[in-house]
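I have placed the structure first, in the form of structure tokens, so that the comments after it can refer back to it.
The values are calculated or read from the model by the stated rules, or taken from the named source; none is laboratory data. Keep in mind the model is a prediction, meaning the values are calculated, not measured. As a convention, Cβ positions derive from the backbone with ideal geometry for all residues, glycine included, and neighbour counts pool all protein chains shown. Protein only, heavy atoms only, side chains kept; ligands, DNA and RNA dropped before computing areas. Shrake-Rupley method; radii C 1.70, N 1.55, O 1.52, S 1.80 Å.
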Amino acid sequence: MVKKTAKIILGILATLILLSAGTVLLYRHIPVPITPLMLIRKISEGTPINYEWTPLEKISPDLPLAVVSSEDNLFMQHNGFDFKAIEQARREAEAGIRFRGASTISQQTAKNLFLWPGRSWVRKGLEAYFTMLMELFWDKKRIMEAYLNCIEMGDGIYGAKAVAKHHFNT
């Protein structure tokens, strides 16, 4: 009975690992059709999904520079995690100074593309797993392209093209 249960659990884990890695590999080559966050907002809040994938070459080159400057200035140097920023955030939280995140663009992209919003150790662990997969199978250009296309920039507004159309009609 124990062996059979262990075999079933291992089979489920292997399937989940293969499906998740396969999805990351698939998204390396095709535009992300929809994200869990988009579905969650649509179902729970009735928020319409304003989203259209745009190749990085058609996005202003100033936008990735602005994002790196404001969100993750070591984006090109790290492999998905900024351990100094994580340690600093941990120390500040312990000291009660302030609560802030230390997520890189890669981590934010993993969360936005594959996971749900919220804070939990389970979600953070899965975020680390997907971040490692993306950093392994994608280049930085693809990570930035996915980030700029799937980040929520207002209620139901996802990505650079949707926000440009919404606010600037362009």
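Numbers at a glance
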{"read-out": "Gain in span if fully extended, S44 to L13, counting 0.36 nm per residue against the direct Cα distance", "value": "8.3 nm"}
{"read-out": "Above-threshold pairs, the threshold being 32 Å between Cα atoms, out of K111/K165; K7/K140; K84/K165; K111/K161; K42/K140; K84/K141", "value": "K7/K140; K84/K165"}
{"read-out": "Average accessible surface area per residue within region 109-148, 1.4 Å rolling probe, Å²", "value": "47"}
{"read-out": "Intensity falloff of region 48-92 expressed as log10 I(q)/I(0), Debye formula with alpha-carbon point scatterers, at q = 0.25, 0.29 Å⁻¹", "value": "-0.94, -1.05"}
{"read-out": "Kirkwood-Stokes translational diffusion coefficient of the chain, alpha-carbon pairs, 10 °C, 1.306 mPa s, µm²/s", "value": "91"}
{"read-out": "Charge dipole magnitude, Cβ of K and R +1, D and E -1 - region 1-158, Cα centre, debye nearest 20", "value": "800"}
{"read-out": "Helical contribution to [θ] at 222 nm, DSSP H n ≥ 4, -39,500 (n - 2.57), averaged over the chain, rounded to 500", "value": "-20500 deg cm²/dmol"}
{"read-out": "Percent accessible area from carbon and sulfur atoms, the chain, protein chains only, probe 1.4 Å", "value": "64"}
{"read-out": "Mean separation of Cα contacts under 8 Å, 6 or more apart, over the residue count of the chain: relative contact order %", "value": "31"}
{"read-out": "Farthest positive-ward along the chain dipole, Cα basis, beta-carbon charges - from S70, I8, Y51", "value": "I8"}
